[in-house]
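Scroll down for the structure; my scribbles are underneath it.
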Number of protein chains: 2
Amino acid sequence: MNVARFSIHACKRLYTTKSVTLTVDKFPGYVRHPHFKKQTQQDLTYFESIVGQHGYINNKDEMVPYNTDWMNKFRGQSQLVLMPRTTQQVSAILRYCHDQKLAVVPQGGNTGLVGGSVPVFDEIILNMKNMNRVRSFDSVSGILTADAGCILEVLDNWLAEKGYMMPLDLAAKGSCHIGGNIATNAGGLRLLRYGSLHGTVLGLEVVLANGTVLNNMSTLRKDNTGFDLKQLFIGSEGTIGVITGVSILTPLRSKAVNVALLGLNSFDDVQVAFKKSRVELSEILSAFEFWDIHSFQMYKKHFNHKDVMEKDYPFYILIETSGSNKDHDDQKLTSYLEQMMVNGVAQDGVVAQDQQQMRDLWGIRDGLTEALGKEPAVYKYDISIPVAKIWDCTEDMRHHLKTGGVFGEADSPVINVVAYGHIGDGNVHLNIVTKDLDTRVSDLIEPYLFEWVAKHQGSISAEHGLGVAKNEFLGYSKSPEMIELMKTTKAMLDPKGILNPYKYLPQS
Amino acid sequence: MNVARFSIHACKRLYTTKSVTLTVDKFPGYVRHPHFKKQTQQDLTYFESIVGQHGYINNKDEMVPYNTDWMNKFRGQSQLVLMPRTTQQVSAILRYCHDQKLAVVPQGGNTGLVGGSVPVFDEIILNMKNMNRVRSFDSVSGILTADAGCILEVLDNWLAEKGYMMPLDLAAKGSCHIGGNIATNAGGLRLLRYGSLHGTVLGLEVVLANGTVLNNMSTLRKDNTGFDLKQLFIGSEGTIGVITGVSILTPLRSKAVNVALLGLNSFDDVQVAFKKSRVELSEILSAFEFWDIHSFQMYKKHFNHKDVMEKDYPFYILIETSGSNKDHDDQKLTSYLEQMMVNGVAQDGVVAQDQQQMRDLWGIRDGLTEALGKEPAVYKYDISIPVAKIWDCTEDMRHHLKTGGVFGEADSPVINVVAYGHIGDGNVHLNIVTKDLDTRVSDLIEPYLFEWVAKHQGSISAEHGLGVAKNEFLGYSKSPEMIELMKTTKAMLDPKGILNPYKYLPQS
């Protein structure tokens, strides 16, 4: 796992404390469903007959990394990890669990941020890491098929040799599985350019709760024969089926990449710069990230940063271009940057001259969340709102906390409010840094922020998912009719509710 | 309607005859479901109270264009067209129809090719043309929201003034509705560049069969809060809900466009040219179409064509680039074309020098299907297969028809087999031109071709949909488990089956 690039922007009610409490202690409202059977020796004997003696773990110590998420925020109490090697094994396992009413948690690289990939109680963990073969690749169309347990970076490196790349990139790429990426509809750094997985995923092989194998492994860009059912599983967080195979459209690797960092005076300027970049950089624009001065100060507080500009600015944007012709891209970028400077939109800026400088500039963006992790406590939110509202939301939260008497004085519990994120996707990571966990602060934030986001037709989870952390707040982003239909869909596909229980949808 | 650009590549069992037979006479297996109520005067009185006296048509003559598809291939027997103006009216209509068991056909621009938008029996037609307002546009993100009944070209022109464009383009754009495009998951000419509607559609407002309004009109690029239910309606052909509103991500209009036509000796060369175009033209490549010499001869037979190359070639490709910098694009294209010529991949080629020449080159591609329409009879297929198999499929069909004794001699019933389509999407339009409808020919084609497509993991409907024309053949593209789940989904969302009955899914 490439820890240095591992972005730890987390989610609601996750703090930077290092203690590992059981999830059920952290969320005391959860009660184990009494209709789920408790695992027996007979069950284990059956499972061993399916996956073999090396295909499972039931030693308590060895199970810790599977029972706990990577941030040590969520911990379950499972007594069994199954690691099937084939789709048929997954099918046999689920058919049995369905018959026996044994609850199951599908698990990929376990790099999620909302507790979706670890058990809450004693659910059996179905870890996909042994399903890790590339199945096929069409070098004319760029269509890759692979097992769901393939690690994203492994696939990306495999494709690199053929001149292609995965259409998504995220900090957890060294650990996360492509199946998990799809099950959580991962966003990441390439979404601006290559679009969402709903467009790039062409086919899926899914095992349903009752063991039925749904073979929808199309390798076609176009197929209008019936409901596009695979779409339901993209972003379903393992609650209606287990993804075992993936067919995905991969783009050609870019021959030329540029990275630039600009300092700006206002969020209006950030928006002007973004809009102009879409016109001038257009087809070569591959990332447009921003952070505010408060984020940058936090970064500089914790890391040994060598300033690349003469002074600080209220806002920063990081722009990346990816194209097929270095000269053309340089010309476009230079022309764009000149316009930004001449028109006073940007106050200062630098362009990376080599690979190391590119890594350094990206390093600031990647380091923001790590810096926050070094503060005593942070309330973290991942929200999606129209671009124009991103800064209003942040400013409003600062004002709200000040008038609420918890921010702005030396002895205030709130240290700072910092914001950064993906401008191109209308996705901001809003962090309230505090001296300690404090209900005076959290009561001011929630439900105030959720209501603010709902009022502006935003989403309370842009890219991190729902898991156990946000499922009860779904009503702020989705209408009662939508939630009702989600529940009906869940009941249709998993009538006994054995797949990833206690999560995703509101339990009440 | 821009008739000149109206591509009439059709589908199975659609011939170029001009007589309009009732659909039920053409497909005698269909029987009106006895559980559907027959419309009464009381029903009409209720509907008038909802849509007003100008919101419906029940005059038999005036109803002809609504009862008949644009190709005059399908004709239903509806006695009522309702033209609601608001989502609430659609909701009230469907709630009533659901209560009363009145069957309904949602209808957009009625430009489909598989009979999906006209009734089979006496279903009430719910025409969306009066819901035609743009609702909002965000000029920073390019996100447009609009009523479902907006005409595609109207939206495209509206966006042009703002420097944006619709992410899809098709020959029927002058008539088709954006709601219909989404309900049929239209592909078209921009898919290679901007991807499918599953990626670009951000939100939908849908009225379910029972009148429930499902508000999922997100204007966010990222939203991971629950199942992405809107995806189910994309390509559902009006069978599970009526799309009333649309939120879609629109790209910026390209400042520079180039069009080139090349002549090649083999399909292998076509594939080399395509693969190379992805590397060299990369981010500016916006179309890569092909046709064979037989298509071109058919075109020249029916149109007054002025040759742009000195001789004919077995294959032609039409390449379009769209970018933000004319000089850069010209350089890339020139370099690519030089490589194609120097390496002997292309034998000859021309590049359009102005808008008129661009239209002329596109005119050949658009005219192919019109030319076929002038032949006595054509068996038409729209299939999706891996690019490498496109020509095998065509060659195999020629061979199969020759060995079957119906092609190759002066007195053979088959005049020619012609193929053209979207190489970039692996989508070929295969046409068997005959002297007359002939069961000797059709029995040789079917199910032979469907089996061939299924064997190569292809799709029997790449972009045209299922409608009444292909629904019984779904099994060639989808597994029994998939079809079963489709039926369960239909039952979940439309338990009384009132929405677009007799179509889409196999009736048996």
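The values are calculated or read from the model by the stated rules, or taken from the named source; none is laboratory data. Since the model is a prediction, treat every value here as computed from it, not as a measurement. Here the Cβ positions follow ideal geometry from the backbone for every residue, glycine too, while neighbour counts run over all protein chains shown. Side chains are part of the model used for accessible areas, which takes the heavy atoms of the whole protein and leaves out ligands, DNA and RNA. Shrake-Rupley method; radii C 1.70, N 1.55, O 1.52, S 1.80 Å.
Quick one: of the DSSP bridges fully inside the range B:363-508, what percent are antiparallel, nearest 5?
Roughly 90 percent of the DSSP beta bridges within the range B:363-508 come out antiparallel.
Kindly express, to the nearest 10 degrees and within the range 0 to 90, the angle between helix B:41-51's C-alpha long axis and the longest C-alpha principal axis of chain B.
Computed tilt is about 70 degrees.
Shape call for the protein assembly as shown from the C-alpha gyration tensor, a ≥ b ≥ c root eigenvalues: rounded (a/c under 1.5), prolate (a/b greater than b/c) or oblate?
Judged from the Cα gyration tensor, the protein assembly as shown comes out prolate (a/c at least 1.5, a/b above b/c).
Taking chain B as the reference, fit the longest principal axis to its C-alpha atoms, fit the long axis of helix B:326-342 to the helix C-alpha atoms, and give the angle between the two in degrees, 0 to 90, nearest 10.
The angle comes out near 60 degrees.
Using alpha carbons only, how many degrees (0 to 90, rounded to 10) separate the axis of helix B:390-403 from the longest principal axis of chain B?
The answer is roughly 90 degrees.
Can you compute the modelled spin-label distance between residue B:157 and residue A:25, with each label point 7 Å from Cα toward Cβ, in nm?
6.8
At 222 nm, what value in deg cm²/dmol follows for chain B if DSSP H runs of at least 4 each add -39500 (n - 2.57) and the sum is divided by all its residues, to the nearest 500?
-9500 deg cm²/dmol
When all alpha-carbon pairs of the range A:161-268 are counted, what percent fall beyond 21 Å?
44
Which aspartates and glutamates, on any chain, are close to residue B:306 with Cα under 15 Å apart, when same-chain ones fewer than 8 places away are left out?
B:360
What does DSSP give for the protein assembly as shown in terms of the percent of beta bridges that are antiparallel, rounded to the nearest 5?
Given both bridge residues lie in the protein assembly as shown, the antiparallel proportion sits at roughly 90 percent.
Please state the charge dipole magnitude for the protein assembly as shown, taken about the Cα centre, from unit charges on C-beta atoms (+1 on K and R, -1 on D and E), reported in debye and rounded to the nearest 20.
Numbers: 102 positive and 112 negative charges, 390 e Å.
Around 1880 debye, computed over the protein assembly as shown.
P(r) for the range B:3-127, please, calculated from all Cα pair distances in 5 Å bins and given in %.
2, 11, 20, 22, 18, 13, 8, 5, 1
Which residue, chosen from B:246, A:27, B:414, occupies the Cα position most advanced towards the positive end of the dipole of the protein assembly as shown, where the dipole is computed from +1 (Lys, Arg) and -1 (Asp, Glu) charges on Cβ about the Cα centre?
Towards the positive end, the residue furthest out is A:27.
What's the center-to-center distance, using Cα atoms, between the range B:49-114 and the range A:300-321 in Å?
Using only Cα atoms, the two centres lie 60 Å from each other.
Could you work out the mean count of beta carbons from other protein chains within 10 Å of each residue's beta carbon in A:277-286? Write out the running numbers ahead of the final one.
Values: counts 0, 8, 5, 3, 1, 10, 16, 7, 2, 1.
That average works out to 5.
Convert each backbone phi in the range B:184-196 into a coupling constant with the Karplus relation 6.51 cos²θ - 1.76 cosθ + 1.60 (shift: θ = phi - 60°), then list the ³J(HN,Hα) values in order as whole Hz, x for Gly and Pro.
10, 6, 4, x, x, 8, 9, 4, 3, 8, 9, x, 7
For the pair residue A:41 and residue A:306, how long in nm is the line joining their label points, each one 7 Å along Cα→Cβ?
Taking the two extended label points, one gets 6.5 nm.
Which whole-number value in Å² is the accessible area per residue of chain B, probe 1.4 Å?
35
If packing is taken as the average count of other Cβ atoms within 10 Å, what order do A:174-186, A:36-48, B:339-351 fall into, highest mean first?
Sorting A:174-186, A:36-48, B:339-351 by mean packing, highest first, produces A:174-186, B:339-351, A:36-48.
Out of the total accessible area of the protein assembly as shown (probe 1.4 Å, heavy atoms of protein only), what percent is carbon and sulfur?
Ligands and nucleic acids excluded, carbon and sulfur reach 49 percent.
Ordered shortest first, which distances in nm separate the 7 Å Cα→C-beta label point of residue A:409 from those of the other copies?
10.4
Which residue, chosen from A:458, B:182, A:106, occupies the Cα position most advanced towards the positive end of the dipole of the protein assembly as shown, where the dipole is computed from +1 (Lys, Arg) and -1 (Asp, Glu) charges on Cβ about the Cα centre?
A:106
Would you list which aspartates and glutamates come within 14 Å of residue B:402, measuring only between C-alpha atoms, while excluding same-chain residues fewer than 8 positions from it?
B:411, B:443
Which of B:26/B:478; A:230/A:332; A:37/A:73 have a Cα-Cα distance over 31 Å? All intermediate terms of the calculation are to be shown ahead of the outcome.
Values: B:26/B:478 25 Å; A:230/A:332 39 Å; A:37/A:73 26 Å.
Check vs 31 Å cut-off fails for A:230/A:332.
Test of the criteria: in the range A:387-454, which GluC sites (Glu not before Pro) are in a DSSP loop and have at most 11 other Cβ atoms within 10 angstrom of their Cβ?
For GluC sites (Glu not before Pro) across the range A:387-454 that sit outside H, G, I, E and B with at most 11 neighbouring Cβ atoms in 10 Å, the list reads A:409.
If you count the DSSP beta bridges with both ends in the range A:105-233, what percent of them are antiparallel, to the nearest 5? Write down the numbers at each step before the final one.
Numbers: 9 of 12 bridges.
Taking every DSSP beta bridge with both residues in the range A:105-233, the antiparallel ones total about 75 percent.
Checking the table A:455/B:162; A:470/B:496; B:275/B:326 against a 32 Å threshold on Cα-Cα, which pairs fail?
With Cα atoms farther than 32 Å apart: A:470/B:496.
State the percent of C-alpha pairs, over all pairs in the range B:375-477, separated by a distance greater than 20 angstrom.
Beyond 20 Å sits 35 percent of the P(r) for the range B:375-477.
Given H placed 1.01 Å from N in the peptide plane, which residues other than close sequence neighbours of residue A:325 have an amide H under 5 Å from its amide H?
Amide H neighbours of residue A:325: A:256.
With +1 on the Cβ of every Lys and Arg and -1 on the Cβ of every Asp and Glu, and nothing else charged, how large is the dipole of the range A:134-249 about its Cα centre, in debye rounded to the nearest 20? List each step's numbers first, then the result.
Details: 8 positive and 10 negative charges, 44 e Å.
Charge dipole of the range A:134-249: 220 debye, to the nearest 20.
How much net charge surrounds residue A:117 when only other residues with a Cβ under 13 Å from its Cβ are counted (Lys, Arg +1; Asp, Glu -1)? Don't skip to the end; give the middle numbers.
On the way: positive: A:73, A:75, A:129, A:503; negative: A:69, A:123, A:237.
Once positives and negatives cancel, what remains is +1.
Mind checking the range A:145-243 for GluC sites (Glu not before Pro) that DSSP puts in a loop (not H, G, I, E or B) and that have at most 14 other Cβ atoms within 10 Å?
A:161
Using only atoms on other chains, find how many Cβ atoms lie within 10 Å of each Cβ of peptide B:454-462 and report the average. Each step should come with its number before you reach the end.
Numbers: counts 0, 0, 1, 7, 4, 8, 3, 5, 6.
Partner Cβ neighbours, averaged per residue: 4.
Name the residue from A:52, B:339, B:287 whose Cα lies farthest towards the positive end of the charge dipole of the protein assembly as shown, charges +1 on Cβ of Lys and Arg and -1 on Cβ of Asp and Glu.
The one lying farthest along the dipole's positive direction is A:52.
Given +1 on the Cβ of Lys and Arg, -1 on the Cβ of Asp and Glu, and no further charges, what dipole in debye does the range A:3-127 carry about its Cα centre, rounded to the nearest 20? Could the numbers behind the result be given before it?
Values: 14 positive and 9 negative charges, 93 e Å.
Charge dipole of the range A:3-127: 440 debye, to the nearest 20.
Trypsin sites (Lys or Arg not before Pro) within the range A:146-193: which are DSSP loop residues with at most 14 other Cβ atoms inside 10 Å?
Hits after loop and neighbour filter: A:162.
Using a probe radius of 1.4 Å on protein heavy atoms only, what is the accessible area buried between chains A and B, both sides summed, to the nearest 100 Å²?
For chain A against chain B, roughly 7200 Å² becomes buried.
When the Cα centres of the range B:241-260 and the range A:127-187 are compared, how far apart do they sit, in Å?
29
At a threshold of 8 angstrom on Cα-Cα distance, excluding pairs fewer than six apart, so keeping six or more, what relative contact order does the range B:256-371 reach in percent?
47
List the aspartates and glutamates whose alpha-carbon lies under 13 Å from that of residue B:222, not counting same-chain residues fewer than 8 positions away?
Straight-distance partners of residue B:222: A:382, A:425, A:463.
Averaging over every viewing direction, what projected area does the convex hull of the Cα atoms of chain A cover, in nm²?
23.9
Stokes-Einstein diffusion coefficient for the range B:142-190 at 37 °C in a medium of 0.692 mPa s, Rh from the Kirkwood formula over Cα pairs: what value in µm²/s? Mind showing how you got there, number by number?
Values: Rh = 10.8 Å.
In µm²/s, the coefficient is 304.
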